[in-house]
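So the structure is just underneath, and the comments pick up after that.
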Amino acid sequence: MGVNLSASSQGDSGPSTATPETIDEAAGMMANLPAGGDRIRIQGGGSHRGIGYPVTSDMILSTSRLDRVVAWEPDDLTVVVEAGVLVEELEEMLASKGQTALLTEHAGTGTVGGAIATARSGWRRYRYGPIRDRVLQITLVSSDGRVVTAGGRVVKNVTGYDIPRLATGSLGAMGLIARVCLKLWPVPQAAATVPVESAEEALDIAYRPLAVLETPDGAAVFLGGTPEEVAGQAAALGAEPAAGLNWPSHPSGAVRFSVRTPASSLRGIVDRLDPAWNYVAQFGVGEVMVATDEVALEELEEMRRRAESLGGALVMLDAPAPMVRAFDPWGTPPPSMEIQRRIVNLFDPGRRINRGILPGRI
């Protein structure tokens with residue numbers, strides 16, 4: 001079966017959409033593109049569309065039909081899936097055997113490929129680390145039709161470039177993230193949400209909590225472990241726990257951005273947020289996700305200056321078109337930008353896929 005190429009958007013009306021069913025079809029499609037032509041934008045569930053510089057494309061490559069669970073080895077704590085698998089459906093399947101891939105807690109229409117391309121680690125990053133640590137193996141399709149598989153279905157299997165780590169957070173610029181092997185974890189026997197007065201004090205008391213989050217409504221510690229461990233930590237925190245993990249929703253608004261700083265500096269950022277803004281701050285991690293319907297460019301610029309002075313960054317997650325044109329979505333390019341550019345060019349010669357989306361318009 002060939003690649004499904006939609007003609008719903010043709011010529012001046014916009015890009016066409018290709019929906020390959022297999023990795024080989026995706027590779028064949030890109031290998032047969034005319035030399036020097038056809039810029040490609042990769043699209044999963046569309047939930048991360050506002051990140052990075054706007055991408056102009058001649059063709060949209062949708063992962064909607066690359067949606068197979070290739071292998072699940074519960075005893076080995078690994079699962080291999082294609083990029084278009086929905087995060088919510090994967091986590092529901094894994095939960096049937098008491099396992100989790102620790103992907104974002106409110107995925108909506110998000111796909112596994114999208115979560116990896118944008119490095120969405122979820123609220124449990126404090127306990128389990130960033131998503132790049134959970135990707136054991138990755139298969140990329142380059143813009144010239146090469147299929148590159150790197151890593152292995154074991155925890156330590158790295159030679160040369162650590163391609164799974166490089167591809168995580170690359171926003172598709174290294175190629176189509178077509179298939180991944182993810183490390184899994186057992187779901188804790190017990191879980192609880194404990195409200196606290198101070199996120200910082202809770203970090204000093206709790207032992208390896210899943211997360212310590214603060215919103216405008218207050219702070220809470222999220223615990224997981226044996227019933228005895230959870231009960232003991234809740235008692236140490238001195239508050240009545242609520243059973244289960246009552247995760248906050250992602251902040252919603254016309255403008256959404258993330259401020260990232262060293263973990264010890266996060267309080268200074270949170271205290272400078274406008275009281276009208278909604279936010280979720282991850283203490284111990286050093287990131288606050290903010291959303292609002294109204295914000296002045298001057299406020300964003302001041303907050304970016306503050307974050308960058310601390311060694312952090314302010315990254316736009318979504319914004320109306322006028323703000324995208326007026327306010328750089330990434331801020332000051334990192335010192336490693338030229339290294340990133342060379343690596344990206346190795347996988348996407350001529351820069352066809354999501355061209356210009358990364359810092360420095362890579």
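For the stretch 226-234, indicate whether the set of residues that are assigned to a strand (DSSP E or B), open to solvent by 30 Å² or more (accessible area, probe 1.4 Å) and under 22 Å from residue 196 (Cα atoms) is non-empty. Walk me through it before giving the result.
Narrowing the stretch 226-234 to residues assigned to a strand (DSSP E or B): none.
Within the stretch 226-234, none of the residues are assigned to a strand (DSSP E or B), open to solvent by 30 Å² or more (accessible area, probe 1.4 Å) and under 22 Å from residue 196 (Cα atoms).
Among the residues of the stretch 264-282, which ones are farther than 15 Å from residue 252 by Cβ and under 18 Å from the mean Cα position of the chain (by Cα)?
Residues of the stretch 264-282 farther than 15 Å from residue 252 by Cβ: 264-275, 281-282.
Residues satisfying the conditions are 281, 282.
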**Request:** All but one of (1) in contact (Cβ under 8 Å) with a residue 60 or more places away in the chain; (2) surrounded by fewer than 17 Cβ atoms within 10 Å (Cβ to Cβ); (3) over 24 Å from residue 211 (Cβ atoms) hold for residue 81, so report the exception by its number.
**Result:** (2)
**Request:** Name the helices (runs of 4 or more DSSP H) wholly inside the stretch 262-333 in which the number of residues that are open to solvent by 40 Å² or more (accessible area, probe 1.4 Å) and closer than 14 Å to residue 50 by Cα is 2 or more.
**Result:** 321-326
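Name the residue, out of 152, 169, that is under 25 Å from residue 47 (Cβ atoms), surrounded by fewer than 19 Cβ atoms within 10 Å (Cβ to Cβ) and modelled with pLDDT under 95. Outline the logic, then answer.
Details: 152 fails: under 25 Å from residue 47 (Cβ atoms).
That would be 169, the only listed residue that is under 25 Å from residue 47 (Cβ atoms), surrounded by fewer than 19 Cβ atoms within 10 Å (Cβ to Cβ) and modelled with pLDDT under 95.
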**Prompt:** Mind checking which pairs have a first residue in the stretch 327-345 that is within 26 Å of residue 299 (Cα to Cα) and a second that is among the acidic types (Asp, Glu), Cβ under 7 Å, 6 or more apart or different chains?
**Reply:** 331/308; 332/308
**Request:** Look at residue 204 and say whether it is open to solvent by 40 Å² or more (accessible area, probe 1.4 Å) and within 30 Å of residue 323 (Cα to Cα).
**Result:** no
**Message:** Considering only residues that are touching a residue at least 40 places away in the same chain (Cβ under 8 Å) and in contact with a helix residue (DSSP H, G or I) (Cβ under 7 Å, 6 or more places away or on another chain), which ones fall in the stretch 114-135?
**Reply:** 116, 119, 120, 135
**Prompt:** Considering the stretch 334-355 alone, what residues qualify as being under 17 Å from residue 166 (Cα atoms) and part of a loop (DSSP other than H, G, I, E, B)?
**Reply:** 334, 335, 336, 348, 349, 351, 354, 355
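Residue under question is residue 52, and the condition is that it be touching a residue at least 40 places away in the same chain (Cβ under 8 Å), buried (at least 19 other Cβ atoms within 10 Å of the Cβ) and in a loop (DSSP other than H, G, I, E, B); does it hold?
Working: touching a residue at least 40 places away in the same chain (Cβ under 8 Å): yes; buried (at least 19 other Cβ atoms within 10 Å of the Cβ): yes; in a loop (DSSP other than H, G, I, E, B): yes.
The answer is yes for residue 52.
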**Message:** One residue is enough: does the stretch 119-136 have a residue meeting the conditions open to solvent by less than 40 Å² (accessible area, probe 1.4 Å) and assigned to a strand (DSSP E or B)?
**Reply:** yes
**Complete:** The lone condition residue 174 fails out of (1) in the same structural domain as residue 141 (by TED's automatic domain parsing); (2) open to solvent by 30 Å² or more (accessible area, probe 1.4 Å) is (2)
**Complete:** So, first residue among the hydroxyl-bearing types (Ser, Thr, Tyr) in the stretch 214-234, second residue open to solvent by less than 40 Å² (accessible area, probe 1.4 Å), Cβ within less than 6 Å, six or more apart or across chains; the pairs are 215/248; 215/280
**Prompt:** Say we look at the stretch 244-261 and pick out the residues that are in contact with a Leu (Cβ under 8 Å, 6 or more places away or on another chain) and open to solvent by less than 30 Å² (accessible area, probe 1.4 Å); which of these is farthest from residue 311 (Cα to Cα)?
**Reply:** 248
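Return the residues of the stretch 1-20 that are at pLDDT 60 or above and open to solvent by 40 Å² or more (accessible area, probe 1.4 Å); say none if nothing qualifies.
Step one: filter the stretch 1-20 for residues at pLDDT 60 or above, giving 13-20.
13 - this is the single residue of the stretch 1-20 that is at pLDDT 60 or above and open to solvent by 40 Å² or more (accessible area, probe 1.4 Å).
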**Complete:** When (1) within 11 Å of residue 45 (Cβ to Cβ); (2) surrounded by fewer than 22 Cβ atoms within 10 Å (Cβ to Cβ) are applied to residue 112, the one that fails is (2)
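Return the residues of the stretch 245-261 that are touching a strand residue (DSSP E or B) at 6+ places or on another chain (Cβ under 6 Å) and either among the polar types (S, T, N, Q) or part of a loop (DSSP other than H, G, I, E, B) (or both); say none if nothing qualifies.
Just the residues of the stretch 245-261 that are touching a strand residue (DSSP E or B) at 6+ places or on another chain (Cβ under 6 Å), to begin with: 245-246, 248, 251-253, 255-260.
Of everything in the stretch 245-261, those that are touching a strand residue (DSSP E or B) at 6+ places or on another chain (Cβ under 6 Å) and either among the polar types (S, T, N, Q) or part of a loop (DSSP other than H, G, I, E, B) (or both) turn out to be 245, 246, 248, 251, 252, 253, 258.
The values are calculated or read from the model by the stated rules, or taken from the named source; none is laboratory data. Computed from a prediction, not measured in an experiment: that's the story for all the values here. When we count neighbours, we look across all protein chains shown, and the Cβ atoms used for this are built from the backbone with ideal geometry, even at glycine. These accessible areas exclude ligands, DNA and RNA; they are computed on the full protein's heavy atoms, side chains included. Shrake-Rupley method; radii C 1.70, N 1.55, O 1.52, S 1.80 Å.
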